[in-house]
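I have placed the structure first, in the form of structure tokens, so that the comments after it can refer back to it.
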Amino acid sequence: MADHRGAQFNDAEDMSDDEALRVAIALSLGQDPFKPQTGGKSSATIDLTQDDEDNGESQSNTTVESQPVAKDTKSSQTSKQASTTSAQASSVSALFGLDRKKMEEERLARLKNKRPASSALESPSPTTARPQQRLKMSSSSYKKTTGPQTIADLLLPESDEDETASSQGSNSPPVTGRMVKAGKQQAKPSEAVQGKAATAAAATVNQSSTAGRTSSGSRPKIELPFPKGAVKKTWVRGQARKGDDITIEEVFQKDKLQLAVLSTFILDEAWLFDKLDLTKTKLILCRGAPNQGEQISNSLDRFPTVRKHLVPMNGSGCMHSKLQLLKYEDYLRIVVPSANLVSFDWGETGDMENILFIIDLPILDDPDVTRELTPFGEELSYLLKAKQLDDGLIRSLKKYDWTETMRYGFVHSIAASHVDNKAWRTGYCGLGRTVKTLGLGTTKTIEMDVVRCITLVKVGDSGVKELESRTVGKPKKGQQEAPDLGAAEVRKHTRVYFPSKHTVRTSIAKDAGTICFQKQWFEAPTFPREVLRDCVSTRPGMLMHNKMIFVRRTEESEEDPGKKVVSGFAYVGSANLSESAWGRLIKDRSTKKFKITCRNWECGVLVPAGTTAVASSSSSTSAKGQEQEEGNDEGNGKGKEAMPASAEDDPSWEVFEGHVPIPMRVPGSPLQLNGSKSPFFFGGF
């Protein structure tokens, strides 16, 4: 064996390929290729589980290293081999081309030929790279060259996706500008690249900003959900959605809500706080002092973003207003609902429906500029001042554009006694004043339908007659005063919708716990029983908490003889048909001045309707239908009232189409003293 190795040493050409390879590997590792192993067996073992795809070098190494090496017993031969190791190593390495240094240089040269740029600092610029490289760089490194386009971009976590996409597009990845992983050098773009990127970013931001600006200011245009205002039903679980309803989540939009000023009569704190994100939304909760305020005084301590505001009551009564002011980044939302802040009023129990008015007001372009309020805004501000809310909050209303509220009227009742000019600004006097301001007054007879009253008038004919006189409004100059028709004539054109015992018992809820109508009021000889109609919802099984007034007026058509033109308006808000809600007007004996006293805080909106032409014979369908039903009934609870009509049977109701949804079936069945068609009284009797 020693002689054979000596022949290999003396004559490299006689070496076997395996032996030459073994010697070359040993030399590259700085080992003596002819030094014998100390053990009789190699430490390496054959791995039968090794994949066939392993490289040939690994397999060769294993084969060579696993061959047993015999011990050399002759010390002279060992000394001879050791003395000539260096020369033989050089000869064998040169013979088989295994010079490690030269091999590495050749590898780098080949790599350089394939890839012109050998590092991130030498990566090709977008202007000199091949088309494929430019495309890949522009798509994967857009954010790196132009900077974050929105606030959301700043919050996005960095990932390795951009680097991966870049490396797939070219052998040399473009400069990313981010820190590389630990132990690697940070790649920094050159000053020229930085300058171009900054210029491109400035141009991009300037173009997007200019394209998004309005023609009159510097603030970008935003799409408002309700820029013109709308009247919506509240969503009800289990009822089909037809585009005329809205959920509490859609009203609040809690992900974007910054500040909410909410008023309510009944409050479910846990339910409300679940509808808001109190980590980002500041809440001012208006409640009546002192009793309503005590209901929430202890629970607010653990919510630093919630503040309780106690509204002065000025005597007996309640804070019945449901006004909502919702502030977002670019607009203010005003909501005037009939619903309290409880789950069943917003349809989540599937048995109660409400109504609301909603409008979005955009913020002015220049935050330092204020604008005068419209009459709608002035009356809203007047109510907030009476509630003693912060002056800064009230002043900030002038930073929004109130133009779209010009067509609407804001009506309120302030719990207090009001004299002189203030007496004509609130309660039902304020209702008449707003009707006149909007130009809705008339000297003609009107048709009035009042929906869902918790506490009905109990003062006899004077209540209905006085309310109608306020909804008619005062005549303009040159017009004749409306004749005093008397109570009987007024009742013919007035319908008050209230649920019968049958309607309540057959509803989904089976009960109506919030109704406060007393039986003794209905049985009183002065009570106008003939105006009451059964309140049946157009949504099957629903009970209503709506507070609405529909007013229609009919006039002769000047353009089309033989036809009449119907116009009108509606009230949507929180006020029931009660003295507490609308007030009582008297002449003070001591001061000889008019004084109106309201016990409740209320608010609502007057919404003008459109116009529609009807045949002369159709304009008084409601009144005729009422007389026919009364004649057929004869006080026995029988007749046509068993099949209430719908708005489709009376074309004059079309005037509200597209403006105010009609929640009840009209004209409705008359209510009776006894039987299933008697009103549902307080306590269910």
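The values are calculated or read from the model by the stated rules, or taken from the named source; none is laboratory data. For clarity, every value in this text was computed on a predicted model and none was experimentally measured. Cβ placement follows ideal geometry from the backbone for every residue including glycine, while neighbour counts extend to all protein chains displayed. Protein only, heavy atoms only, side chains kept; ligands, DNA and RNA dropped before computing areas. Shrake-Rupley method; radii C 1.70, N 1.55, O 1.52, S 1.80 Å.
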_Using each residue's phi in segment 395-412, evaluate 6.51 cos²θ - 1.76 cosθ + 1.60 at θ = phi - 60° and report the 3J(HN,Hα) Karplus result to the nearest Hz, with x for Gly and Pro._
5, 5, 4, 6, 8, 10, 8, 9, 4, 6, 8, 4, 7, 10, x, 9, 10, 9
_Over 19 Å between alpha carbons, listed pairs 547/587; 280/308; 422/593; 398/422; 322/547_ = 547/587; 398/422
*Over the heavy atoms of residue 390, what accessible area does a 1.4 Å probe trace out, to the nearest 10 Å²?*
70
*If you plug each phi of segment 19-27 into the Karplus form 6.51 cos²θ - 1.76 cosθ + 1.60 with θ = phi - 60°, what whole-Hz ³J(HN,Hα) values come out, in order, with x for Gly and Pro?*
5, 5, 5, 4, 5, 5, 5, 4, 5
*Put 247, 506, 597 in order of accessible area, largest first, 1.4 Å probe: what do you get?*
506, 597, 247
*Loop only per DSSP, at most 15 neighbouring Cβ atoms within 10 Å: give me the trypsin sites (Lys or Arg not before Pro) in segment 225-279, ordered by residue number.*
228, 237, 241, 242, 256
_Positive minus negative residues near residue 418 (Lys, Arg vs Asp, Glu; Cβ under 12 Å)_ = +3
*So what are the ³J(HN,Hα) numbers for segment 349-365, from phi and the Karplus equation (6.51, -1.76, 1.60; θ = phi - 60°), rounded to whole Hz, Gly and Pro as x?*
8, x, 9, 9, 10, 9, 9, 8, 10, 9, 8, 10, 10, x, 6, 5, 4
*Can you tell me the FRET efficiency between residue 560 and residue 242 if r is taken as the Cβ-Cβ distance and R0 is 30 Å, rounded to the nearest 0.05?*
0.40
_Sites residue 587 and residue 280, calculated FRET efficiency, Cβ-Cβ separation with R0 51 Å, nearest 0.05_ = 0.45
_Computed label-point distance, nm, for sites residue 401 and residue 369 using a 7 Å Cα→Cβ extension_ = 1.1
*Quick one: which residues, 5 or more positions from residue 609 or on another chain, have an amide H under 5 Å from its amide H? H modelled 1.01 Å from N in the peptide plane, none for Pro or chain starts.*
568, 569, 570
*According to the square roots a ≥ b ≥ c of the eigenvalues of the Cα gyration tensor, what is the shape class of segment 493-545, taking rounded for a/c under 1.5, prolate for a/b larger than b/c otherwise, and oblate for the remainder?*
oblate
*What are the GluC sites (Glu not before Pro) within segment 352-429 that DSSP puts in a loop, where the Cβ has at most 15 other Cβ atoms within 10 Å?*
372
*Which distance in nm do the two modelled labels at residue 303 and residue 268 give, with both placed 7 Å along the Cα-to-Cβ direction?*
1.4
_Rounded accessible area of residue 557 (nearest 10 Å², 1.4 Å probe)_ = 30
*Counting only the heavy atoms of the protein chains, how much of residue 330 is accessible to a 1.4 Å probe, in Å² to the nearest 10?*
40
*Put a dot 7 Å past each Cα toward the Cβ at residue 249 and residue 611; how far apart are the dots in nm?*
4.4
*Paramagnetic reach from residue 443 (point 7 Å along Cα→Cβ, amide N under 18 Å) across segment 558-598*: 558
*Which net charge results when you count Lys and Arg as +1 and Asp and Glu as -1 among the other residues whose beta-carbon is under 13 Å from that of residue 241?*
+1
